[in-house]
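To start, the structure itself, in structure tokens.
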Amino acid sequence: MLEARSIALFVLAALAEIGGAWLVWQGIREHRGLLWVGAGCVALGVYGVIATLQPDANFGRILAAYGGVFVAGSLAWGMVVDGFRPDRYDVIGALVCLVGVGVIMYAPRAAG
């Protein structure tokens, strides 16, 4: 059950961080204005809060694993929102990252 909660939190964190970065990008690069930038900053802050809700108490482990989620999530966001089409190397790289997330977060460890 902890794994399901952890995965759900990673998905929510990805939506907040990637969405926040996208909003900042839109505000600055696409000249949509400071409201977009501000909304992006708020979303990025929400990402930080969501990360603290992970069941594992190790900051470094959570952020390292989230890096893999971010890679895959960014490609998925680009596909859905911007019409980006990843090539096979993008997909392979994202899968490698997600395997890394699984190893980092869910490998059996001795209680310590």
With respect to Ala51, determine if the residue is among the small types (Gly, Ala, Ser) and within 18 Å of Gly102 (Cα to Cα). yes
Test of understanding: among Val96, Val103, Val37, which residue is β-branched (Val, Ile, Thr) and surrounded by 15 or more Cβ atoms within 10 Å (Cβ to Cβ)? Val37
Close pairs from the stretch 62-81: first on the phi < 0 side of the Ramachandran plot, partner among the acidic types (Asp, Glu) and at pLDDT below 95, Cβ under 8 Å, at least 6 apart: Ile62/Asp56
Residues in the stretch 47-63 that are over 12 Å from the mean Cα position of the chain (by Cα) and surrounded by 17 or more Cβ atoms within 10 Å (Cβ to Cβ) total 1
So, in the stretch 72-85, exactly how many residues are surrounded by fewer than 16 Cβ atoms within 10 Å (Cβ to Cβ) and either under 20 Å from Ile7 (Cα atoms) or more than 16 Å from the chain's Cα centre (by Cα) (or both)? 5
Total residues in the stretch 82-101, condition free of Cβ contacts under 8 Å to residues at least 12 places away in the same chain and of a type in the set (Gly, Ala, Ser): 1
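The values are calculated or read from the model by the stated rules, or taken from the named source; none is laboratory data. Everything numeric in this text was worked out from a predicted model, so none of it was measured. Because the Cβ atoms are built from the backbone with ideal geometry, glycine has one as well, and the counts that use them run over all protein chains shown.
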